[in-house]
Amino acid sequence: MMKQMLGRASHAALDLLFPPQCALCHRAGSLLCDGCADDLPPADGRRCDCCWMPLARRTARLGGRLCRHCAEAPPSFDALRSPFVMEAGARRLAHELKYEGMTALAGPMAQLILARTEGPAAQTADVVVPVPLHRARERSRGYNQAAMLARAIAAGADLPCDVRAVRRTRNTGPLAKTMHREERLAIMRGAFAARPERAEGRRVLLVDDVATTGATLDACGAALLAAGARSVRCLTWARAD
Ligand SMILES: [Zn+2]
Ligand SMILES: [Zn+2]
């Protein structure tokens, strides 16, 4: 509680007052202990090469690499990867980062994203860009959790981070879990605008905390490509299957 109230004080001062403890098991030592990190649920199994959704058994058996959606109407981004599924400890950490003011978790979470992600999304990029929140939402929360992750990923990958490359032009509010993919896509379309002077010619690594249908990343990626970005790949902490 107290620690959250002081969330904006410097980490060094906080460490003196409150030695770091694991956000999951509360053991003293670090914000995320090795044991809890090893227990995080991996996004494994056969997954779509593009959107990282689990492949239907039949598709996987036939050696298909793309899910039905990506085969029929590919999203704007080339590939999305997330090391974890949105369950158990991965869900709790995402919640702590987003709603409980535990912004210091962005560091260890970004390290795990970089260490546990392989494939196209982890290849070279020119700039790391977070999915933006609408200004009103960011003001009420005090920070953008995706920007926290993006900055830490950029630092870890030795890349620049540009939190202003794309902005949210519409406050869409949270999308209901029951919404169909098409509904989400329709709502998100046109919700973002990218700045050409920041996007043009760049290979963008787009970062968010969680991917659900991928509609948000798709819309955000489309805005970046419309502003002249060369390519868009996405990294998120977790995939909600
Ligand atoms: Zn722990
Ligand atoms: Zn797919």
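Rule-based calculations on the coordinates, nothing more; no lab input. Not measured: the values here are computed from a predicted model. Backbone-built Cβ (ideal geometry, glycine too); neighbour counts: all protein chains shown.
At 20 °C and 1.002 mPa s, what whole-number value in µm²/s does Stokes-Einstein give for the translational diffusion of the chain, with Rh from the Kirkwood sum over Cα pairs?
In µm²/s, the coefficient rounds to 117.
Give the Cα extents of segment 25-125 along the principal axes, in whole Å, largest first.
Its Cα atoms span 48, 29, 24 Å along the three principal axes.
Would you compute, from DSSP H runs of 4+ residues alone, the mean residue ellipticity of the chain at 222 nm, taking -39500 (n - 2.57) per run and dividing by the full residue count, rounded to the nearest 500?
-10500 deg cm²/dmol
With the contact rule set at Cα under 8 Å and sequence spacing of 6 or more, what percent relative contact order holds for segment 116-241?
Normalised by residue count, the contact order of segment 116-241 is 30 percent.
Roughly speaking, what is the stretch gain from Tyr99 to Ala56, that is 0.36 nm per residue apart minus the C-alpha to C-alpha distance, in nm to one decimal?
12.2 nm
Pick from Leu17, Leu80, Leu105: which residue has the top mean-square fluctuation in a GNM of the chain where Cα pairs under 10 Å get a spring?
Taking springs between Cα atoms under 10 Å, the residue moving most is Leu17.
Per residue, how big is the convex hull around the C-alpha atoms of segment 72-120? Give it to me in cubic angstrom, could you?
Once divided by residue count, the hull of segment 72-120 is 113 Å³.
Taking the dipole about the Cα centre of the chain, with the C-beta of Lys and Arg at +1 and of Asp and Glu at -1, give me whichever of Met148, Leu185, Val127 is farthest to the positive side.
Leu185
Grab the beta carbon distance between Arg230 and Arg27, set R0 = 35 Å, and tell me the FRET efficiency rounded to 0.05.
So the FRET efficiency works out to roughly 0.20.
Simple spin-label model, 7 Å along Cα-to-Cβ: Arg203 to Ala73 in nm?
Here the answer is 2.9 nm between the modelled labels.
Under a Cβ-only charge scheme (Lys and Arg +1, Asp and Glu -1), can you give me the dipole magnitude of segment 90-164 about the Cα centre, in debye to the nearest 20?
Taking the Cα centre of segment 90-164 as origin, the dipole is about 420 debye.
Might you report the magnitude of the Cβ-based charge dipole of segment 181-225 about its Cα centre, with Lys and Arg at +1 and Asp and Glu at -1, to the nearest 20 debye?
Computed about the Cα centre, the dipole is about 140 debye.
Counting only other residues whose beta carbon sits under 13 Å from that of Thr117, what net charge do I get with K and R as +1, D and E as -1?
+3
Going toward the positive end of the dipole of the chain, with +1 on Lys and Arg Cβ and -1 on Asp and Glu Cβ, which of Leu80, Gly64, Thr172 do you reach last?
Checked the options; the winner is Thr172.
Suppose R0 equals 30 Å. What FRET efficiency, 1/(1 + (r/R0)^6) with r the Cβ-Cβ distance, do Phe18 and Gln111 give to the nearest 0.05?
0.90
How would you rank 197-204, 124-131, highest first, on the average number of other Cβ atoms within 10 Å across their residues?
Result, highest mean first: 124-131, 197-204.
With a 10 Å cut-off between alpha carbons and a GNM built on the chain, which of Gln145, Gln21, Gln111 moves the most?
With Cα springs under 10 Å in the chain, the top fluctuation among Gln145, Gln21, Gln111 is at Gln21.
Which Cα, out of Ala194, Val210, Ala238, lies furthest along the positive dipole direction of the chain (beta carbon charges, K/R +1, D/E -1)?
Farthest towards the positive pole: Ala194.
If you place +1 on the Cβ of every Lys and Arg and -1 on the Cβ of every Asp and Glu, how big does the dipole about the Cα centre of the chain come out, in debye to the nearest 20?
660
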